[in-house]
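*Asks:* Below are the structure tokens for one structure; questions will follow.
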Amino acid sequence: MPTGKVKWYDAEKGFGFLSREDGDDVYVRSSSLPEGVDTLKAGTRVEFGVLSGRKGEQAHQVRVLDAPPSVAAAQRHAQRKNPEDMVGIVEDLIRLLENVEEGYRHGRHPDGKTAKPTAKLLRGLADQLDL
């Protein structure tokens, strides 16, 4: 069976692509994932069978070999940041959240330029609070 890594996977849409070690990408559907697995993280090593379909090759009977290390798990093992360093993070987060709030008040979801750094800061703060 070929092996490779998850190139990307959208759990909401139920499909994604795997990159075989020989470089070719293979389409993967949620129905090909192992029982109890509903998403795949990019970079996860997998083994899978390949079927030829109307639109090209598709993975089936995907088996997760090993997942990439979680950023959150790595951060949990890190030491707490100095409280003075956290002040800047919280101040930046407040400014970003105020922009998000303003957009929501006008019926808009945040754009990628705002959403990604806000989410990153929220995760970082949550990890620091959770230590």
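Condition check ((1) assigned to a strand (DSSP E or B); (2) modelled with pLDDT of 90 or more) across all residues:
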site: K7; (1), (2): yes, yes
site: L18; (1), (2): yes, yes
site: S31; (1), (2): no, yes
site: L40; (1), (2): no, yes
site: V46; (1), (2): yes, yes
site: L51; (1), (2): yes, yes
site: V62; (1), (2): yes, yes
site: Q79; (1), (2): no, no
site: E84; (1), (2): no, no
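*Asks:* Also: Pairs please, first residue from the stretch 94-108 and part of a helix (DSSP H, G or I), second anywhere and surrounded by 10 or more Cβ atoms within 10 Å (Cβ to Cβ) and aliphatic (A, V, I, L, M), Cβ atoms under 8 Å, 6+ apart in sequence or on different chains.
*Replies:* Hits for this filter: L96/L121; V100/A115.
*Asks:* Do you know which residues across the stretch 112-131 are farther than 27 Å from N82 by Cβ and loosely packed, with under 11 Cβ neighbours inside 10 Å?
*Replies:* G112, K113
*Asks:* Would you confirm, using the coordinates I've provided, whether L122 is modelled with pLDDT of 85 or more, farther than 27 Å from W8 by Cα, hydrophobic (A, V, I, L, M, F, W, C) and outside the structural domain of T44 (by TED's automatic domain parsing)?
*Replies:* On the way: modelled with pLDDT of 85 or more: yes; farther than 27 Å from W8 by Cα: no; hydrophobic (A, V, I, L, M, F, W, C): yes; outside the structural domain of T44 (by TED's automatic domain parsing): yes.
Criteria not met by L122.
The values are calculated or read from the model by the stated rules, or taken from the named source; none is laboratory data. Keep in mind that this is a model prediction, so the values were computed, not measured. FYI the Cβ positions are ideal-geometry reconstructions off the backbone, even for glycines, and counts take in every protein chain you see.
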